[in-house]
1. With Rg and Dmax of the Cα atoms in Å defined as stated, name the option among (i) 20.9, 66; (ii) 16.3, 55; (iii) 18.1, 57 computed from the structure displayed.
2. Could you give the spread of the C-alpha atoms of region 9-80 along their three principal axes, from largest to smallest, in whole angstroms?
3. What is the chain's relative contact order, in percent, from Cα pairs under 8 angstrom and six or more apart in sequence?
4. In square angstrom, rounded to the nearest 10, how much accessible surface does residue 129 have for a 1.4 Å probe?
5. 222 nm [θ] for the chain, helices only, -39500 (n - 2.57) per DSSP H run of 4+, per residue, to 500?
6. Which one of 35, 91, 140 has its Cα pushed farthest toward the positive end of the charge dipole of the chain, where Lys and Arg give +1 and Asp and Glu give -1 at the Cβ?
7. For region 99-185, give the magnitude of the charge dipole about the Cα centre (Cβ charges: +1 Lys/Arg, -1 Asp/Glu; no others), in debye to the nearest 20.
8. Where nothing but the Cβ of Lys and Arg (+1) and of Asp and Glu (-1) is charged, how large is the charge dipole of region 19-173 around its Cα centre, in debye to the nearest 20?
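The values are calculated or read from the model by the stated rules, or taken from the named source; none is laboratory data. A quick note: this is a predicted structure, and the numbers were derived from the prediction, not measured. Methodologically, a virtual Cβ is constructed for each residue, glycine included, from the backbone with ideal geometry; neighbour enumeration extends over all protein chains shown. Keep in mind that these areas ignore ligands, DNA and RNA; they rest on the heavy atoms of the full protein, side chains included. Shrake-Rupley method; radii C 1.70, N 1.55, O 1.52, S 1.80 Å.
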Amino acid sequence: MDKKLSILNAALPLFVSNGFHGTSTSRIAQEAGVSNGTLFHYFKTKDDLVVALYNHVKDQLTAHLTTYLDPLASISVQFRVLFVESINWALQQPQAMFYIQQFHFSPHLSQVSADVIDDQTRTHRTLIERGLVECVLKPLPESLIFTLISGQVFGTYQYVTDLPADEQQSAISQSCELLWGMLTR
(Lines give C-alpha, C1' and ligand atoms only; values in the text may rest on other atoms or scores of the structure.)
Protein backbone atom coordinates (compact mmCIF):
# COMPACT_ATOMS: atom_id res chain seq x y z
CA MET A 1 0.00 0.00 0.00
CA ASP A 2 2.93 2.36 0.52
CA LYS A 3 3.72 2.18 -3.20
CA LYS A 4 0.11 2.83 -4.14
CA LEU A 5 0.01 5.86 -1.84
CA SER A 6 3.35 7.06 -3.23
CA ILE A 7 1.89 6.90 -6.73
CA LEU A 8 -1.21 8.84 -5.69
CA ASN A 9 0.90 11.44 -3.88
CA ALA A 10 3.19 11.85 -6.89
CA ALA A 11 0.30 12.08 -9.33
CA LEU A 12 -1.52 14.92 -7.56
CA PRO A 13 0.94 17.78 -8.17
CA LEU A 14 1.71 16.51 -11.67
CA PHE A 15 -1.94 16.39 -12.73
CA VAL A 16 -2.56 19.80 -11.16
CA SER A 17 0.46 21.34 -12.92
CA ASN A 18 0.29 19.59 -16.28
CA GLY A 19 -3.28 18.36 -16.62
CA PHE A 20 -4.40 14.81 -17.21
CA HIS A 21 -3.18 14.61 -20.78
CA GLY A 22 0.05 16.48 -20.13
CA THR A 23 1.18 14.08 -17.42
CA SER A 24 2.69 10.78 -18.48
CA THR A 25 2.46 7.68 -16.36
CA SER A 26 6.22 7.26 -16.69
CA ARG A 27 6.69 10.67 -15.08
CA ILE A 28 4.33 9.75 -12.24
CA ALA A 29 6.17 6.47 -11.70
CA GLN A 30 9.51 8.28 -11.71
CA GLU A 31 8.31 10.84 -9.15
CA ALA A 32 6.85 8.05 -7.00
CA GLY A 33 10.08 6.08 -7.15
CA VAL A 34 8.45 3.03 -8.71
CA SER A 35 8.60 1.31 -12.08
CA ASN A 36 5.95 1.74 -14.76
CA GLY A 37 5.03 -1.89 -14.17
CA THR A 38 4.37 -1.18 -10.51
CA LEU A 39 2.17 1.78 -11.39
CA PHE A 40 0.14 -0.38 -13.77
CA HIS A 41 -0.07 -3.14 -11.17
CA TYR A 42 -2.06 -0.79 -8.94
CA PHE A 43 -3.85 1.14 -11.69
CA LYS A 44 -4.67 -0.75 -14.89
CA THR A 45 -4.95 2.47 -16.91
CA LYS A 46 -4.11 6.11 -16.52
CA ASP A 47 -7.85 6.82 -16.32
CA ASP A 48 -8.09 4.40 -13.39
CA LEU A 49 -5.34 6.39 -11.66
CA VAL A 50 -7.11 9.69 -12.32
CA VAL A 51 -10.35 8.35 -10.80
CA ALA A 52 -8.57 6.64 -7.88
CA LEU A 53 -6.80 9.89 -7.04
CA TYR A 54 -10.10 11.75 -7.06
CA ASN A 55 -11.64 9.19 -4.71
CA HIS A 56 -8.56 9.37 -2.47
CA VAL A 57 -8.77 13.16 -2.25
CA LYS A 58 -12.51 13.07 -1.57
CA ASP A 59 -11.91 10.49 1.18
CA GLN A 60 -9.38 12.85 2.76
CA LEU A 61 -11.90 15.69 2.68
CA THR A 62 -14.60 13.50 4.20
CA ALA A 63 -12.25 12.35 6.96
CA HIS A 64 -11.41 15.99 7.73
CA LEU A 65 -15.06 16.99 7.91
CA THR A 66 -15.96 14.01 10.06
CA THR A 67 -13.48 15.03 12.73
CA TYR A 68 -15.28 18.36 13.16
CA LEU A 69 -18.88 17.23 12.82
CA ASP A 70 -21.05 16.56 15.86
CA PRO A 71 -24.03 14.47 14.69
CA LEU A 72 -26.03 15.66 17.70
CA ALA A 73 -25.60 19.33 16.85
CA SER A 74 -28.37 21.37 15.29
CA ILE A 75 -28.77 21.58 11.53
CA SER A 76 -27.55 25.16 11.66
CA VAL A 77 -24.35 24.23 13.50
CA GLN A 78 -23.67 21.21 11.29
CA PHE A 79 -24.25 23.27 8.15
CA ARG A 80 -21.79 25.91 9.29
CA VAL A 81 -19.18 23.32 10.29
CA LEU A 82 -19.40 21.55 6.94
CA PHE A 83 -19.19 24.81 5.01
CA VAL A 84 -16.36 26.40 6.99
CA GLU A 85 -14.30 23.23 7.34
CA SER A 86 -14.65 22.38 3.64
CA ILE A 87 -13.03 25.70 2.84
CA ASN A 88 -10.46 25.43 5.62
CA TRP A 89 -9.45 22.01 4.29
CA ALA A 90 -9.13 23.48 0.81
CA LEU A 91 -6.95 26.29 2.12
CA GLN A 92 -4.69 23.69 3.75
CA GLN A 93 -4.78 21.44 0.66
CA PRO A 94 -4.86 23.77 -2.36
CA GLN A 95 -3.62 21.15 -4.81
CA ALA A 96 -6.28 18.71 -3.66
CA MET A 97 -8.99 21.36 -4.04
CA PHE A 98 -7.74 22.28 -7.49
CA TYR A 99 -7.77 18.60 -8.42
CA ILE A 100 -11.39 18.22 -7.31
CA GLN A 101 -12.36 21.20 -9.46
CA GLN A 102 -10.26 19.93 -12.38
CA PHE A 103 -11.87 16.51 -12.10
CA HIS A 104 -15.43 17.88 -11.91
CA PHE A 105 -14.97 19.63 -15.23
CA SER A 106 -13.51 16.60 -16.97
CA PRO A 107 -15.06 13.57 -18.64
CA HIS A 108 -13.58 11.44 -15.87
CA LEU A 109 -16.43 12.37 -13.52
CA SER A 110 -18.71 10.03 -15.45
CA GLN A 111 -16.40 7.15 -14.48
CA VAL A 112 -17.24 7.52 -10.78
CA SER A 113 -20.08 5.17 -9.92
CA ALA A 114 -23.33 6.44 -8.47
CA ASP A 115 -22.68 4.40 -5.32
CA VAL A 116 -19.31 6.07 -4.79
CA ILE A 117 -20.81 9.53 -5.35
CA ASP A 118 -23.57 8.66 -2.86
CA ASP A 119 -20.93 7.70 -0.30
CA GLN A 120 -18.91 10.85 -0.95
CA THR A 121 -21.92 13.14 -0.55
CA ARG A 122 -23.81 11.25 2.16
CA THR A 123 -22.95 13.63 5.00
CA HIS A 124 -24.17 16.66 3.07
CA ARG A 125 -27.22 14.93 1.59
CA THR A 126 -28.28 13.60 4.99
CA LEU A 127 -28.10 17.08 6.47
CA ILE A 128 -30.07 18.55 3.56
CA GLU A 129 -32.72 15.82 3.87
CA ARG A 130 -33.00 16.49 7.60
CA GLY A 131 -33.29 20.23 6.96
CA LEU A 132 -36.11 19.65 4.48
CA VAL A 133 -37.98 17.21 6.75
CA GLU A 134 -37.69 19.54 9.74
CA CYS A 135 -38.78 22.49 7.56
CA VAL A 136 -35.60 24.43 8.36
CA LEU A 137 -34.67 24.68 4.69
CA LYS A 138 -36.87 26.13 1.98
CA PRO A 139 -38.81 23.48 0.08
CA LEU A 140 -36.41 23.22 -2.84
CA PRO A 141 -35.14 20.13 -4.64
CA GLU A 142 -32.37 18.44 -2.66
CA SER A 143 -30.11 18.43 -5.72
CA LEU A 144 -30.54 22.20 -6.15
CA ILE A 145 -29.63 22.84 -2.51
CA PHE A 146 -26.59 20.58 -2.81
CA THR A 147 -25.51 22.35 -6.01
CA LEU A 148 -25.92 25.79 -4.41
CA ILE A 149 -23.84 24.74 -1.40
CA SER A 150 -21.12 23.19 -3.56
CA GLY A 151 -20.97 26.24 -5.80
CA GLN A 152 -20.71 28.53 -2.82
CA VAL A 153 -17.90 26.44 -1.30
CA PHE A 154 -15.91 26.57 -4.53
CA GLY A 155 -16.65 30.25 -5.08
CA THR A 156 -15.83 31.29 -1.53
CA TYR A 157 -12.61 29.30 -1.66
CA GLN A 158 -11.59 31.10 -4.86
CA TYR A 159 -12.45 34.45 -3.30
CA VAL A 160 -10.59 33.95 -0.03
CA THR A 161 -7.41 32.71 -1.67
CA ASP A 162 -6.85 36.28 -2.84
CA LEU A 163 -7.33 37.73 0.65
CA PRO A 164 -4.72 38.21 3.35
CA ALA A 165 -4.74 35.27 5.76
CA ASP A 166 -6.09 37.39 8.62
CA GLU A 167 -9.21 38.27 6.57
CA GLN A 168 -10.07 34.81 5.27
CA GLN A 169 -12.09 33.44 8.20
CA SER A 170 -14.28 36.53 8.34
CA ALA A 171 -15.05 36.26 4.62
CA ILE A 172 -15.80 32.54 4.99
CA SER A 173 -18.20 33.27 7.85
CA GLN A 174 -19.93 36.03 5.89
CA SER A 175 -20.36 33.78 2.87
CA CYS A 176 -21.71 31.00 5.07
CA GLU A 177 -24.27 33.33 6.65
CA LEU A 178 -25.39 34.61 3.25
CA LEU A 179 -25.89 31.07 1.98
CA TRP A 180 -27.66 29.95 5.15
CA GLY A 181 -29.99 32.94 4.90
CA MET A 182 -30.75 32.13 1.28
CA LEU A 183 -31.57 28.47 1.98
CA THR A 184 -33.58 28.75 5.18
CA ARG A 185 -37.19 29.69 5.78
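1. Computing Rg and Dmax of the Cα atoms in Å and matching it to (i) 20.9, 66; (ii) 16.3, 55; (iii) 18.1, 57 gives (iii).
2. 49, 23, 19
3. Values: 133 pairs, mean separation 37.3, N = 185.
Averaging sequence separation for qualifying contacts and normalising by length gives 20 percent for the chain.
4. Roughly 80 Å² of residue 129 is accessible to a 1.4 Å probe.
5. Values: 9 runs with 142 residues, N = 185.
So the helix-based figure for the chain works out to -25500 deg cm²/dmol.
6. 35
7. Roughly 260 debye for region 99-185.
8. Values: 9 positive and 15 negative charges, 48 e Å.
That gives a dipole near 240 debye.
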